[in-house]
Amino acid sequence: MYLAELTIKNFRKLRDTTLKFQPGLNVLVGPNNVGKSAVVDALRTLLAGHEEPYPRLDIADRHRPREGEPGGDISFHFVFRDLNRDDEADFIAALKPSDDHTMEAHIHVRYTDADQTGRFRVKRWCGDHQDIALTSDMMENLRGVYLQPLRDAAQGLRPSRNSQLARLLHLLTDDQGREKINAALKELDDQLQQNESIKSTHAAISARHGAMMGEQLAQVLAVGLSATDFQRLSARLSMTAESMEIEQNGLGFNNLIFMAVVLSELAKNPDAAYRSLIVEEPEAHLHPQLQRVLLSHLAGIPTNEGEKPVQLFVTSHSPNFASNSKLQSLVCLVENDAGVETFFPRDVQFEKGKREKLERYLDVTRAELFFARRVIFVEGAAELMLVDALAKRLGFDLKGYGISLISVEGLNFDSFLPLFGERGLRIPVSVVTDADPFEEEEIPELAGAELTDAEVAEELLAEAAYLEETDAQKEEIEEPADLEAGDGDGKKKKVKRKAAYPGLGEAIQVSSNTLKMKASEDQYVKVHHGVKTLEYDLALHEENRDAMLKALAEFHPNISKALRKIVDAAPDNTAKAKALFCGMFERKDSSSNVQKGRFGQALAEQISLTPGCKVPAYLEQAIKHVCQGAGRL
């Protein structure tokens, strides 16, 4: 039995929101102030009440619409699935048939009828009829533990009658075990009573007490163990870590110990039909390695003999936690113009192998996308630095606007984009990619003896690359195309792909990958490209070439000086851009090409120092798309 759906209405940031959960681990992610804590409190309206009271809500907790005044009741609808026969018997009044003809348990919680202080009265019922109240037996069968953020785990581990440690000891000890503990405690207490030090201490206190109170008023005193039976022992039981008192242990490790105790107590509890653990910010006080260790355990908690499954609800602000989570466990909250919405990555239809690829690519930096309000995707490290610098040149501070700038390290946009758009996270997304234009070049018919083996191999690979590109483009535009060109005599001729160096405003034939990205556009996701690459498009503007050569001079002064002469001698603007671009990144000896990341870092600094630098039009459009309607944080 697990909680499959929770519908929240009129509660804080959530006007009408349905969340879908899976058995086991569920990780709620999203930016600050999007409603994650509201979801936690919604869960607690039904799954609390054992160690703590249910949440008390008042009229201030109503959803506040953008127009008009808040009003009405606050309601929560819980749907439980995968009930066995015993569960169905326990929740018979809540049962309803599902679409697949299995039975579901439907439970409602409503906060209504505010009193004069504004506090709501709470009502819980089963099924579709409010007059069928949720019984105390049903509530006892819904076992939940809530661990609040910045919790004092040491306090939770201190001895008390209701501590998690005492409860776990009671669960794991049968009557015979209790009798053995009682006998051992009595024997130890008897031995202590015969100890000379204990006797002397007792005599000294009793004599002083008798002298003070007199024979009629003096009480009979004893010095010995305070826990002389199982019940008292459980209330005084404590833990140590590495032979240290728990208060002396680190906060992070204490949190992990406390979670271990809680999970053990939940899994061993035979009385509840349903068990859940709600944890806010489990990453608190944990460094990244321990976060990964904890998440790995939570994602695959084994059910040992005599244990029951536990459903976990975790909220996190940690990209490290999100990056190590499986997509199927993520529950995303996102706020857009329509309000707060939910998104479930496990429902996304990926192309074959793309889901697994995305999970491999989701490191700490890229997992920031699950907490983002707006995103710009770029190809690599050089674009990361240059886009940020060029945005500032336009007057947009991306960090100030809450925009996440994320590199996919290549052309792996197709693994990320299914998460966004009208069927995904509905937030503004700009993809900045290269056009990578090409031209067709005929392969001359030469006798095999005129070519070396290396040249033959190179020609074969060049032709194959062209055929692959045209095949892909044919699939994108769904038009028939010859894979070989024909001459005037109808004779087929072989062609290969050749890099193009267009001028500003020229029509270009973009790569199949860029066409594929463009096909994924909608009102939220926009794909932007120039005429070739970011560096080439920058070089097409005369205002940028001096800054580019100065950046190059920082680590290749002689090359920069020589290249400046070559650029100045080029006949026109396009030729100058080609000379500058090829002189850095497409030399005949590719091993001597300038490193793009290193150059991007130096150029970003030059852009910040050069007021006249020109931002390419496509990049300006990309930045303005994600900044539309955004206020500074």
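Looking only at the range 354-373, which residues are open to solvent by 40 Å² or more (accessible area, probe 1.4 Å) and either more than 25 Å from residue 337 (Cβ to Cβ) or modelled with pLDDT of 85 or more (or both)?
355, 356, 357, 359, 360, 361, 363, 364, 365, 373
Check the range 563-585 and report whether any residue there is polar (S, T, N, Q) and farther than 14 Å from residue 539 by Cβ.
No, the range 563-585 contains no residue that is polar (S, T, N, Q) and farther than 14 Å from residue 539 by Cβ.
Are any residues in the range 25-50 within 26 Å of residue 140 (Cα to Cα), assigned to a loop (DSSP other than H, G, I, E, B) and in contact with a Phe, Trp or Tyr (Cβ under 6 Å, 6 or more places away or on another chain), and if so, which ones?
Of everything in the range 25-50, just one residue is within 26 Å of residue 140 (Cα to Cα), assigned to a loop (DSSP other than H, G, I, E, B) and in contact with a Phe, Trp or Tyr (Cβ under 6 Å, 6 or more places away or on another chain), namely 48.
Just one of the numbered conditions (1) open to solvent by 10 Å² or more (accessible area, probe 1.4 Å); (2) in a loop (DSSP other than H, G, I, E, B) is not true of residue 398; which one?
Among (1) open to solvent by 10 Å² or more (accessible area, probe 1.4 Å); (2) in a loop (DSSP other than H, G, I, E, B), the lone unmet condition for residue 398 is (1).
Within the range 255-285, restricting attention to residues that are polar (S, T, N, Q) and surrounded by fewer than 22 Cβ atoms within 10 Å (Cβ to Cβ), which residue is modelled with the highest pLDDT?
The selected residue is 264.
Consider the range 374-395. How many of its residues are open to solvent by less than 20 Å² (accessible area, probe 1.4 Å) and among the aliphatic types (A, V, I, L, M)?
Residues flagged as open to solvent by less than 20 Å² (accessible area, probe 1.4 Å) and among the aliphatic types (A, V, I, L, M) within the range 374-395 amount to 9.
In the set 405, 425, 390, which member is out of contact with any His (no Cβ under 6 Å at 6 or more places or on another chain), hydrophobic (A, V, I, L, M, F, W, C), touching a residue at least 24 places away in the same chain (Cβ under 8 Å) and over 23 Å from residue 541 (Cβ atoms)?
From the options 405, 425, 390, the qualifying one is 425.
Can you tell me which condition residue 244 does not meet? The list is (1) under 20 Å from residue 185 (Cβ atoms); (2) open to solvent by 60 Å² or more (accessible area, probe 1.4 Å); (3) modelled with pLDDT under 85, and all the others hold.
Of the numbered conditions (1) under 20 Å from residue 185 (Cβ atoms); (2) open to solvent by 60 Å² or more (accessible area, probe 1.4 Å); (3) modelled with pLDDT under 85, the odd one out for residue 244 is (1).
Just give me the residues in the range 538-571 being open to solvent by less than 10 Å² (accessible area, probe 1.4 Å) and closer than 20 Å to residue 383 by Cα, in sequence order.
Those that are open to solvent by less than 10 Å² (accessible area, probe 1.4 Å) and closer than 20 Å to residue 383 by Cα: 538, 539, 540, 544, 547, 548, 549, 551, 552.
Residue under question is residue 226, and the condition is that it be among the small types (Gly, Ala, Ser), open to solvent by 60 Å² or more (accessible area, probe 1.4 Å) and at pLDDT 90 or above; does it hold?
no
Restricting the search to the range 239-296, which residues are outside any loop (DSSP other than H, G, I, E, B) and either among the polar types (S, T, N, Q) or at positive phi (or both)?
Hits for the range 239-296 are 240, 248, 254, 255, 264, 276, 289, 291, 296.
Has the range 186-193 got at least one residue that is surrounded by 13 or more Cβ atoms within 10 Å (Cβ to Cβ), of a type in the set (Lys, Arg) and more than 30 Å from residue 262 (Cβ to Cβ)?
Yes, the range 186-193 contains at least one residue that is surrounded by 13 or more Cβ atoms within 10 Å (Cβ to Cβ), of a type in the set (Lys, Arg) and more than 30 Å from residue 262 (Cβ to Cβ).
Just for helices (runs of 4 or more DSSP H) wholly inside the range 545-633: which have at least 2 residues that are farther than 21 Å from residue 398 by Cβ and either over 41 Å from the mean Cα position of the chain (by Cα) or without any contact (Cβ under 8 Å) to a residue 12 or more places away in the chain (or both)?
557-569, 573-585
Let me confirm something: among 186, 199, which residue is assigned to a helix (DSSP H, G or I), over 30 Å from residue 276 (Cβ atoms) and either in contact with a His (Cβ under 8 Å, 6 or more places away or on another chain) or in contact (Cβ under 8 Å) with a residue 24 or more places away in the chain (or both)?
The match here is 186.
The values are calculated or read from the model by the stated rules, or taken from the named source; none is laboratory data. All of these numbers come straight from a predicted model, not from anything done at the bench. Every residue, glycine as well, gets a Cβ built from its backbone with ideal geometry; the counts of neighbours run over all protein chains shown. Accessible surface areas use protein heavy atoms only, side chains included; no ligands, DNA or RNA. Shrake-Rupley method; radii C 1.70, N 1.55, O 1.52, S 1.80 Å.
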